[in-house]
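Laboratory data are not the source of any read-out in this text; all were calculated from the coordinates shown. The structure presented is a predicted model; accordingly, all values stated were derived computationally and were not measured. Here the Cβ is made from the backbone with ideal geometry for all residues, glycine too, and neighbour counts use every protein chain on show.
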Amino acid sequence: GTWADLGFQQAYCPQADFRGTGMLSLHCLLYYAKHHRGMVASLVDAGRERTLSYPFAAACINIVNMLVQLLLDSGAEGGGVVASSKTEVEGLRSPLFVILTRLKAEEAEHAVETLVCSALALLEQLWVRHSATYMLFNRILDGVRDCFRLFITDQWRAPTGSLLPLRDLDVARITLPDPPAGAPKLPVVPGPKVSDEA
């Protein structure tokens with residue numbers, strides 16, 4: 001086997017995959033592997049068989065990069081949340097960072113790691129929901145980014161002091177970006193039927 005079996009893009013030089021986010025990606029990858037062993041083993045096995053799987057290590061690294069971008073996002077452009085009055089944003093750089101500063105103590109210690117684990121869970125849900133293949137990897141990542149934007153918007157409007165709403169976010173709320181011209185459209189896998197009886 002090679003490092004590609006773990007989802008690295010560089011089969012014989014995995015450190016090259018960490019260029020953009022360095023030790024933070026490695027730390028989060030190890031944290032996820034330690035706390036979600038069963039999921040990691042399943043993803044690695046699926047990756048070896050080249051079934052409907054995504055590259056686990058590359059997914060984690062890309063998600064860490066996405067989080068860094070969101071933490072640096074001032075909210076001034078379309079990617080962030082724009083507050084309703086100018087006084088609310090004086091000195092504010094990142095709505096996601098502000099949300100992290102408002103977490104309950106028990107969630108604050110491993111907030112970044114929890115964000116990464118939640119994002120990987122969302123990626124998995126989007127991947128399965130849309131029967132994605134490796135060719136759609138970037139569109140699924142865009143869907144994860146949209147999940148974060150929804151979470152940020154929801155938390156900005158009604159703060160909970162918790163990251164649970166991110167982990168539990170309904171991916172059916174996400175519409176994946178249109179594919180590039182000429183690319184095949186994603187099939188939409190219907191979600192479970194909701195009964196009127198409760």
Discussion item. I need the phi-derived Karplus couplings for the stretch 131-142: 6.51 cos²θ - 1.76 cosθ + 1.60, θ = phi - 60°, integer Hz, Gly and Pro marked x.
Written reply: 6, 6, 10, 4, 5, 9, 3, 5, 5, 5, 4, 4
Worksheet, complete the sentence: Mean Cβ-within-10 Å packing, highest first, puts peptides 167-176, 135-144 in the order 135-144, 167-176
Worksheet item: Once phi is turned into ³J(HN,Hα) by the Karplus curve 6.51 cos²θ - 1.76 cosθ + 1.60 with θ = phi - 60°, what whole-Hz value does each residue of the stretch 97-104 show in order, with x for glycine and proline?
Response: 4, 4, 4, 5, 6, 9, 5, 5
Worksheet item: Packing-wise, with mean Cβ within 10 Å as the measure, how do 8-19, 108-119, 23-34 rank, highest first?
Response: 108-119, 23-34, 8-19
Worksheet entry | Distant-in-sequence amide H partners of GLN10 (H built 1.01 Å from N, under 5 Å) | ASP17
